[in-house]
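This report refers to the structure that appears directly beneath it.
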Amino acid sequence: MGGVIIGYEIGKLLKKETIFCERVNGKFTLRRGFNIKKGARVLIIEDVITTGKSSLECVKLIKKSKARLIGYACIIDRSTKQSLKIKTGITSHLKINVPTYKANKLPLELKTTAITTPGSRFIK
């Protein structure tokens, strides 16, 4: 849900309609009377892109509606060549490198930090 406000504001600046998808039972769907018009040109806007999995779930809705994806935009792109599932360019405000570690290779200062799972993927 992090991209909703950003998407709304970009849509307002561009004078374009904005909609968003939501997870229902773990799967992205359009609700609240939203639909994607056939032939529409769609820009996916996120707050943060790490792997692109959520964006690619949105692409399925765009294709199902017979619309056209024109690109991806985000505030922060923290993807790596290894993690990114999106195969086309991302326009971002900031590209950052966030290191990841295997469980047995954690630096000492991270071993005492509680693990959390951010994002909406696991919200019921």
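Every number in this text was worked out from the coordinates using simple rules, so none of it is lab data. This structure is a prediction, so every number in the text was calculated from the model and none was measured. Quick reminder, even Gly has a Cβ in these numbers, built from the backbone with ideal geometry, and neighbours come from all protein chains shown.
In whole percent, what relative contact order does region 55-113 give with Cα contacts below 8 Å and a gap of six or more residues? Value for region 55-113: 30 percent. Distances between placed amide hydrogens fall under 5 Å for residue 16 paired with no residue 5 or more residues away or on another chain. Take each peptide in 109-116, 72-79, 90-97, count the other Cβ atoms within 10 Å of every residue, and average; sorted highest first, the result is 72-79, 90-97, 109-116.
Within the listed set 66, 15, 102, the residue fluctuating most in the Gaussian network model of the chain (springs between alpha-carbon atoms under 10 angstrom) is 102. Counting only the backbone N, which residues of region 80-98 are under 20 Å from the spot 7 Å out from the Cα of residue 13 toward its beta-carbon? Counting only backbone N, you get 89-96.
Full extension of the chain between residue 70 and residue 102 yields a length gain of 8.0 nm, computed as 0.36 nm times the residue separation minus the alpha carbon distance.
One decimal place: the segment residue 93-residue 4 gains 30.4 nm when fully extended, by the rule 0.36 nm per residue minus the C-alpha distance. Computed from point charges on the beta carbon alone (+1 for Lys and Arg, -1 for Asp and Glu), the dipole magnitude for the chain about its Cα centre is near 680 Debye.
Phi-derived couplings, Karplus 6.51 cos²θ - 1.76 cosθ + 1.60 at θ = phi - 60°, listed residue by residue for region 70-81: 9, x, 10, 9, 7, 6, 10, 9, 10, 6, 10, 4 Hz, with x used for Gly and Pro. Spatially, region 1-30 and region 47-64 are offset by 12 Å when compared through their Cα centroids. Each Cα pair under 8 Å and six or more residues apart adds its sequence gap; the mean of these over the residue count of region 3-111 is a relative contact order of 22 percent. Each residue of region 3-111 gets 138 Å³ once the volume of the Cα convex hull is shared out per residue. Checking every one of the GluC sites (Glu not before Pro) in region 1-103 against DSSP loop status and a limit of 15 other Cβ atoms within 10 Å picks out 17.
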